[in-house]
Each structure stands twice: as structure tokens, then as C-alpha cells.
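Notes for the one structure printed next.
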Amino acid sequence: MVSDFGPKITIKIVESLREDIVAPKLKSAREIKEALKKSVLDLLTTKGSKTELQLGYRKPAVVMVVGVNGGVKTTSLGKNGTQS
């Protein structure tokens, strides 16, 4: 199963994080990053059966990576599946 987050889920995640920042339940960038990771993992594990990306069942496969400049996209892709 392939999972992706469309605009509705993305807005839900961002609004939840924003509420926790304003509350202020989340105070540091590290806490925000960990909360984001937890939100995404929770969605993947409750909505989908597997959390790993599965390629090969459909060809060709296209993977789009989006991020800000300096966000280590190229470095992460070059790790060949190793954990960072």
C-alpha cells in the first residue's frame, strides 16, 4: 500500500501543530519536529498497513521529493535506504 498526504491531511497536521505551539505545549524546534514525526507516523500506522515505501508493483514509478533549500534532500536520497 502506498500512502500519501493530500491537502486535507496536511492542513489537519499543520493546524494541530499550530494549536500545540500556541498553547504552548511545544516550545522548541526539536519538540515541533518530534511532534510532526509522531503525527505522520500515527497517520501511516492507523490508515495504512505498512510504513515503508513500496516500489516496483507499478512501473514506471515516480517519487517526488519536496523540501526547502538546504533541507538535505539530496543527501538523504543518496543514502540508499540507510537510516539517518
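Computed from the coordinates by the stated procedures, all read-outs in this text should not be read as laboratory data. Every value quoted in this text rests on a predicted model; they were computed, and no experiment measured them.
Beyond 19 Å between alpha-carbons counts as too far, so tell me which of Lys25/Lys73; Lys38/Lys59; Lys37/Lys73; Lys12/Lys33 fall in that bin. Could you put the intermediate results ahead of the total?
Details: Lys25/Lys73 29 Å; Lys38/Lys59 31 Å; Lys37/Lys73 16 Å; Lys12/Lys33 16 Å.
In this structure, Lys25/Lys73; Lys38/Lys59 exceed 19 Å between Cα atoms.
Database remark: amide H of Leu26 closer than 5 angstrom to the amide H of Ile21 (H placed geometrically; neighbours at sequence offset of 5 or more, or on other chains; Pro and chain starts carry no H).
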